[in-house]
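Trainee: Below is a structure I'd like to ask you about.
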Amino acid sequence: MNCRSEVLEVTVEARQVEEAMLALLHTILLHRSSGKFHYKKEGTYSIGTVGTLDIDCDFIDFTFVRVSSEELDRVIRKAVSEFKDALSSDGMGQISLEFYQKKKSRWPFSDECIPWEVWSIKVNVVNLANEQERQICREKVGEKLGEKVINVVEVINRHEYLPKMPTQSDVDNVFDTSLKDVQPYLYKITYQITDSLGTSVSTTMRRLIKDTLAL
Amino acid sequence: MAHFDTEYQRLEASYSDSPPGEENLLMHVPEGAKSQWHHIENLDLFFQRISFCTYVLYKNGFTCMLLGEIFELVQLLFVVGFTVFLANCVDYDILFANKFVNHTDSSKVTLPDAFLPVDVCSARIRENAFVIFVLIISGVFWLHRLVKFIYNVCCYWEIRSFYINALKMTMSELPYATWQEVQARIVEIQKEHQICIHKKELTELDIYHRILRFKNYMVAMVNKSLLPVRFRLPGLGESVFYTRGLKYNFELIFFWGPGSLFENEWSLKSEYKRGGNRLELADKLASRILWIGIANLLLCPVILVWQILYAFFSYTEVIKREPGSLGARCWSLYGRCYLRHFNELDHELMSRLSKGYKPASKYMNCFLSPLLTVVAKNVAFFAGSLLAVLIALTIYDEDVLSVEHVLSSITLLGVCITVCRSFIPDKHMVFCPEQLLRVILAHIHYMPDHWQGNAHRYETRDQFSQLFQYKAVFILEELISPVVTPIILIFCLRRKSLEIIDFFRNFTVEVIGVGDTCSFAQMDIRQHGHPAWMSAGKTEASIYQQAEDGKTELSLMHFAITNPQWQPPQETTHFISQLKERVHREATSDTHPLSLSESEPRSLIANLLVGPSTLTSIHFGGDSSLTNHAAAGSSDGASALRSLSPISSSLHLRGSLSAAHRAPGHTSTMSKAMAGSGTDARTVSSGSSVWEGQLTSLVLSEYASTEMSIHALYMHELHKQQSRGELSRHTWHRQDSDESSDSIPDEVRSEPNPHSRHFPRSHTFPTTVPSPSEGASSHSSSQQRYSGSTTDSFSAGGQVVRSARGVPMGGWAEDGQAAPRHHDTLPEESSEDDMPPHIHKVNAVCV
């Protein structure tokens, strides 16, 4: 696939899942969001401001920074809580945050969504026996998350492909403009509970059709 | 108000400069997505389309293409409709005048009289279940073609706009764009548009990898004899069965079918990359193969009808694409896989094989059975006399024609004579299979070792006919394929599932920006080189990892020659330049017929050249130097080029050309270089300025193929001389892949003694030819014998060099000891756990 993919792996306790996920997703989105664009005539624009907010975690010794947009937070929280509910108390799961671009296509076809960066966070949930272990875990997970955040920042600081800044007509193809106060790149959050083996039927069918049509 | 004196102070200046206000906010100018060509989702498909379109559009243009496809659709409708009409709606009794029509006005029978009325006709069709079955399938087939056509038009349109907008080609040069140019431009625009987002720059190899990802796997699997395509049938001996249906099924199983090894087009599933549970995976694969085989068996009749339609349909296309296919023979599907280099595009392979078509059919025609010739001569004699009498009578009085069956017997006799004549050899043909085979080799680049020196034998001919089969056989195989394919899948392929799993695990590398590719396609001498093919000392490959028949080395040379801009990694560059230099030195050095050297096969090129050029009837003088010939030969233009004669000038010229090509603004520099280099400047600069670039690229590709031919011949020759010495000490016939493919015999690694290195003979062509005693003698003396028997077409130099090499005799004595020692490979199960996952990450620009 023509897209970068980054994988982060964390091992947490069941009650820490939500906060850990929020911390990582928000950290990535913080760097992949910008202020609202205000287009002027002559094809120029100015960028609005974005506030940030420190969030302290309850179950982890960790504080992360997120964009101070309640709307964005709500969307993320919803996705994460769905993931948490689906995850069993002792299992594996993966949540991925995918940034994509839309490509307009002609009438009979729907718009193509072409991902350019995918972050997959693999979660391993563990059960702990006693309070002492929990305490240790609380610190360790905090440290781990700190490392991951630095990891994310390193990846983002690399000079790699980003969609070009769009003109006013294209802005919806690159950025998510539905939020009032912040404008992240178009993103999608999906999750997967176990490693489901085998190509899904839909991809096979797609491939079959493509192959029969191929030149 | 207390006044605190703190360090924080207002910065007066900055505020006075920019008072708050909306107008003076920082303003940005959007770059906009000027073209839609940045960041393409499926690059594999995109590049495949580009390469296909370039090839198809080349000289045809968009409109021709469109019209051609539309006519093909109409043709299919016509053929199906007409056949059904002929079968069901014609009253043949009326046509043959067995039944009389009662006409009132005239006695003449008209065509419409023979047609059945519409209602009778449709009733007859409706009653016949078979016809309805065929009609339904053809309907589906036609719809499929229609949808495909529309889809293709969309694709062409997209690629066309890519050419014009992104590659900045003008409309006029569009039909003349060669693949090389297009590729160079793609590499260029990657820097600007970033089509592939993983890398800043795209190399030629990346593009080839993406286009040929799966084909490279197939080539490698055929090379390592993993696919069950050779069979030993009781009556027919060794035979090859590889049809399109079988190929389609292989691809379905490995690459994209439900539950295939590949997750998507660019990555192997992660569980197949780990060696841990290979047995389970093999079981899973085996059961999948079984199911697919059963499905094939059930769908057999549908596939059969589909295949007939498809054969009809693709036939016109094939003729359009390869002019060589009009003859009686064609390169078999297996041959195409066996002869294909790694990273060789379809059109490159096709043009190579088409060039080899003529000598190949000549070679095959050498072998006409004398018995058949005698019979054919006599049959032709009798048929001819009958025909002559009939024709003479007809000329005398044409009423003879109206006698019943005279016209048909004249036609039949004519056909009979034509058939017989094809069995009677040309009186002027010279029997020189060895040279013909050498000319073939110059184009096809691969052949098993034991063919050399055995070209006159029927075994060699039979094996060559596996690559180059009668078209009738090809069609017959295609027709029985729906029945045979499931049998092969269920009984042969299923047994190999463990090997297949191992193959994919061991020979897959992940290249950044490309995805998972076959590691053979990296053409890394160190990993997959074969010590008998010039990479001795450089290669670290075990026998399992070596590509057979010098595939790695030849592919590497081919790729480097066709893509002069490609910058290979350090060692590879070294290998290429070393080899080129050797060939060059051989070519330019004053090869006196009597100059000998024991260590280096000097005057090799002279041998190589004299063989083919005598055949293509370019006269060579006695002992004048090659460079003189080159100057003389190159005036003959393209035909001389093809006949390999102006080697030194081509090498010189090509060197300067590729050097110029690397420089920016290459077109102008190139024509200068051409003009400077003298010999061929005339042909090039005579064209108008529009044609100049076109012509240079054509000449360039012509030179490239010539150069590759020379390198291929040189490498084969060197290989032969190298291995003959060692083969006579040690001969190891690898009969089947099962013995060595799974685990690596470690004695091979640990033996430093060069003399005991084993040279497996061609893997894909297990030798069946020589019996032990005969084999040894043919190794040592066959060359002499045959150069002796065809002295007139061989130079003196060739004989001297060959006969002067002291070849130790009696190699076969050790044969028996070497072979069994080699077969005790490591037990399969024990090596399972410590088998490291052979997936390497290639981080840098791919190797």
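Trainee: Can you name the condition, by its number, that B:Thr63 falls short on among (1) among the β-branched types (Val, Ile, Thr); (2) surrounded by 15 or more Cβ atoms within 10 Å (Cβ to Cβ); (3) over 26 Å from the mean Cα position of the chain (by Cα)?
Mentor: (2)
Trainee: Something else now. Filter region B:269-291 down to the residues that are in contact with a Leu (Cβ under 6 Å, 6 or more places away or on another chain) and either surrounded by fewer than 20 Cβ atoms within 10 Å (Cβ to Cβ) or within 13 Å of chain A (Cβ to nearest Cβ) (or both) and list them by number. Before the answer, list the steps.
Mentor: Of region B:269-291, the ones in contact with a Leu (Cβ under 6 Å, 6 or more places away or on another chain) are B:272, B:282, B:289.
Within region B:269-291, B:Tyr272, B:Ala282 meet the criteria.
Trainee: Scan region A:7-56 for residues that are in a loop (DSSP other than H, G, I, E, B), touching a Pro at 6+ places or on another chain (Cβ under 9 Å) and within 11 Å of chain B (Cβ to nearest Cβ) and report the count.
Mentor: Filtering region A:7-56 for residues in a loop (DSSP other than H, G, I, E, B) gives A:32, A:35-36, A:40, A:44, A:48-51.
Of the ones still in play, those that are also touching a Pro at 6+ places or on another chain (Cβ under 9 Å) are A:32, A:44.
Okay, now just the ones that are also within 11 Å of chain B (Cβ to nearest Cβ), so A:44.
Residues in region A:7-56 being in a loop (DSSP other than H, G, I, E, B), touching a Pro at 6+ places or on another chain (Cβ under 9 Å) and within 11 Å of chain B (Cβ to nearest Cβ): 1 in total.
Trainee: Quick check: is even one residue across region B:511-518 in a loop (DSSP other than H, G, I, E, B) and surrounded by 24 or more Cβ atoms within 10 Å (Cβ to Cβ)?
Mentor: Looking only at region B:511-518, we keep the residues that are in a loop (DSSP other than H, G, I, E, B), and these are B:512-514.
Next, from what is left, pick out any that are surrounded by 24 or more Cβ atoms within 10 Å (Cβ to Cβ): B:514.
Checked against the condition, which is being in a loop (DSSP other than H, G, I, E, B) and surrounded by 24 or more Cβ atoms within 10 Å (Cβ to Cβ), region B:511-518 yields at least one hit.
Trainee: Continuing with this model, one more query. Over 17 Å from B:Phe231 (Cα atoms) and either out of contact with any Pro (no Cβ under 9 Å at 6 or more places or on another chain) or among the hydroxyl-bearing types (Ser, Thr, Tyr) (or both): does that describe B:Ser481?
Mentor: Values: over 17 Å from B:Phe231 (Cα atoms): no; either out of contact with any Pro (no Cβ under 9 Å at 6 or more places or on another chain) or among the hydroxyl-bearing types (Ser, Thr, Tyr) (or both): yes.
No, not satisfied.
Trainee: Here's another thing I want to ask about it. Residue check: is B:Val153 more than 26 Å from A:Val118 (Cβ to Cβ), modelled with pLDDT of 80 or more, under 23 Å from the mean Cα position of the chain (by Cα) and not charged (D, E, K, R)?
Mentor: Working: more than 26 Å from A:Val118 (Cβ to Cβ): yes; modelled with pLDDT of 80 or more: yes; under 23 Å from the mean Cα position of the chain (by Cα): no; not charged (D, E, K, R): yes.
When the stated conditions are applied, B:Val153 does not pass them.
Trainee: Okay, moving on. Could you run through region A:139-168 and say how many residues are under 18 Å from the mean Cα position of the chain (by Cα), in a helix (DSSP H, G or I) and touching a residue at least 40 places away in the same chain (Cβ under 8 Å)?
Mentor: Counting residues in region A:139-168 that are under 18 Å from the mean Cα position of the chain (by Cα), in a helix (DSSP H, G or I) and touching a residue at least 40 places away in the same chain (Cβ under 8 Å) gives 9.
Trainee: Can you tell which of B:Leu246, B:Leu202, B:Leu261, B:Leu212 is within 13 Å of another protein chain (Cβ to nearest Cβ), crowded, with 22+ Cβ neighbours inside 10 Å, closer than 24 Å to B:Ile501 by Cβ and not aromatic (Phe, Trp, Tyr)? Step through it out loud before you land on a result.
Mentor: Details: B:Leu246 fails: within 13 Å of another protein chain (Cβ to nearest Cβ); B:Leu202 fails: closer than 24 Å to B:Ile501 by Cβ; B:Leu212 fails: within 13 Å of another protein chain (Cβ to nearest Cβ).
B:Leu261 is the lone residue from the list that is within 13 Å of another protein chain (Cβ to nearest Cβ), crowded, with 22+ Cβ neighbours inside 10 Å, closer than 24 Å to B:Ile501 by Cβ and not aromatic (Phe, Trp, Tyr).
Trainee: Does any residue of region B:93-107 turn out to be at pLDDT 80 or above, under 22 Å from B:Val305 (Cβ atoms) and exposed (fewer than 15 other Cβ atoms within 10 Å of the Cβ)?
Mentor: The answer is no, given that none of the residues of region B:93-107 is at pLDDT 80 or above, under 22 Å from B:Val305 (Cβ atoms) and exposed (fewer than 15 other Cβ atoms within 10 Å of the Cβ).
Trainee: Hey, another quick one. Being part of a strand (DSSP E or B) and at pLDDT 85 or above is the filter here; which residues of region A:67-101 pass it?
Mentor: To start, the set of residues in region A:67-101 that are part of a strand (DSSP E or B) comprises A:67, A:92-101.
The answer is A:Val67, A:Gly93, A:Gln94, A:Ile95, A:Ser96, A:Leu97, A:Glu98, A:Phe99, A:Tyr100, A:Gln101.
Trainee: Which condition number does B:Phe503 fail, the rest of (1) surrounded by fewer than 18 Cβ atoms within 10 Å (Cβ to Cβ); (2) aromatic (Phe, Trp, Tyr); (3) in contact (Cβ under 8 Å) with a residue 24 or more places away in the chain being met?
Mentor: Result: B:Phe503 passes all but (1).
Trainee: Quickly run through region B:43-59 and pick out the residues that are more than 14 Å from chain A (Cβ to nearest Cβ) and either among the basic types (Lys, Arg) or more than 23 Å from the chain's Cα centre (by Cα) (or both). Spell out the reasoning first.
Mentor: Looking only at region B:43-59, we keep the residues that are more than 14 Å from chain A (Cβ to nearest Cβ), and these are B:58-59.
Correct list: B:Lys59 only.
Trainee: Here is a further query. Going by the conditions given, is A:Val126 closer than 26 Å to A:Ile47 by Cα and more than 14 Å from chain B (Cβ to nearest Cβ)?
Mentor: Details: closer than 26 Å to A:Ile47 by Cα: no; more than 14 Å from chain B (Cβ to nearest Cβ): yes.
The answer is no for A:Val126.
Trainee: Let me ask something else about it. Please state which of the following conditions A:Asn130 fails to meet, knowing it meets all the rest: (1) surrounded by 15 or more Cβ atoms within 10 Å (Cβ to Cβ); (2) more than 15 Å from the chain's Cα centre (by Cα).
Mentor: (1)
Trainee: I'd like to know if region B:423-436 contains one or more residues that are crowded, with 18+ Cβ neighbours inside 10 Å and closer than 18 Å to B:Tyr338 by Cβ.
Mentor: Going through region B:423-436, the residues crowded, with 18+ Cβ neighbours inside 10 Å turn out to be B:432-436.
From what is left, the residues that are closer than 18 Å to B:Tyr338 by Cβ are none.
No, because not a single residue in region B:423-436 is crowded, with 18+ Cβ neighbours inside 10 Å and closer than 18 Å to B:Tyr338 by Cβ.
Trainee: B:His144 versus (1) modelled with pLDDT under 85; (2) assigned to a helix (DSSP H, G or I); (3) within 13 Å of chain A (Cβ to nearest Cβ): which is the lone unmet condition?
Mentor: (1)
Trainee: Let me ask something else about it. When you check A:Leu162 against the structure, is it in contact with a strand residue (DSSP E or B) (Cβ under 9 Å, 6 or more places away or on another chain) and more than 14 Å from chain B (Cβ to nearest Cβ), yes or no? Before you say what the answer is, go through the steps one by one.
Mentor: Numbers: in contact with a strand residue (DSSP E or B) (Cβ under 9 Å, 6 or more places away or on another chain): yes; more than 14 Å from chain B (Cβ to nearest Cβ): no.
Against the criterion (in contact with a strand residue (DSSP E or B) (Cβ under 9 Å, 6 or more places away or on another chain) and more than 14 Å from chain B (Cβ to nearest Cβ)), A:Leu162 does not qualify.
Trainee: Which of the residues belonging to region B:357-403 are loosely packed, with under 11 Cβ neighbours inside 10 Å, within 30 Å of B:Thr460 (Cβ to Cβ) and of a type in the set (A, V, I, L, M)?
Mentor: B:Leu371
Trainee: If I filter region B:226-278 down to residues being among the hydroxyl-bearing types (Ser, Thr, Tyr) and under 21 Å from B:Thr517 (Cβ atoms), which single residue comes out as farthest from the chain's Cα centre (by Cα)? I'd like the intermediate steps shown before the answer.
Mentor: Going residue by residue through region B:226-278, those that are among the hydroxyl-bearing types (Ser, Thr, Tyr) are B:239, B:242-243, B:248, B:260, B:267, B:270, B:272.
When the remaining residues are screened for being under 21 Å from B:Thr517 (Cβ atoms), the result is B:260, B:267, B:270, B:272.
Numbers: B:Ser260: 25, B:Ser267: 24, B:Ser270: 31, B:Tyr272: 28 Å.
The qualifying residue farthest from the chain's Cα centre (by Cα) is B:Ser270.
Trainee: Anything in region B:496-517 that is of a type in the set (S, T, N, Q) and more than 18 Å from B:Ser225 (Cβ to Cβ)? List them, or say none. Show your work before the answer.
Mentor: Our first condition is that a residue be of a type in the set (S, T, N, Q); within region B:496-517, this holds for B:497, B:506, B:508, B:517.
Answer for region B:496-517, where residues must be of a type in the set (S, T, N, Q) and more than 18 Å from B:Ser225 (Cβ to Cβ): B:Thr508, B:Thr517.
Trainee: Hey, does region A:97-119 have a residue that's of a type in the set (S, T, N, Q) and touching a strand residue (DSSP E or B) at 6+ places or on another chain (Cβ under 7 Å)?
Mentor: Yes, region A:97-119 has at least one match.
Trainee: Quick one: count up the residues across region B:452-462 that are crowded, with 23+ Cβ neighbours inside 10 Å and in a helix (DSSP H, G or I).
Mentor: Summing the residues that are crowded, with 23+ Cβ neighbours inside 10 Å and in a helix (DSSP H, G or I) in region B:452-462 gives 1.
The values are calculated or read from the model by the stated rules, or taken from the named source; none is laboratory data. Predicted, not measured: the structure shown is a model, and the values here were computed from it. For neighbour counting, all protein chains shown are included, and Cβ atoms are generated from backbone atoms with ideal geometry for every residue, glycine included.
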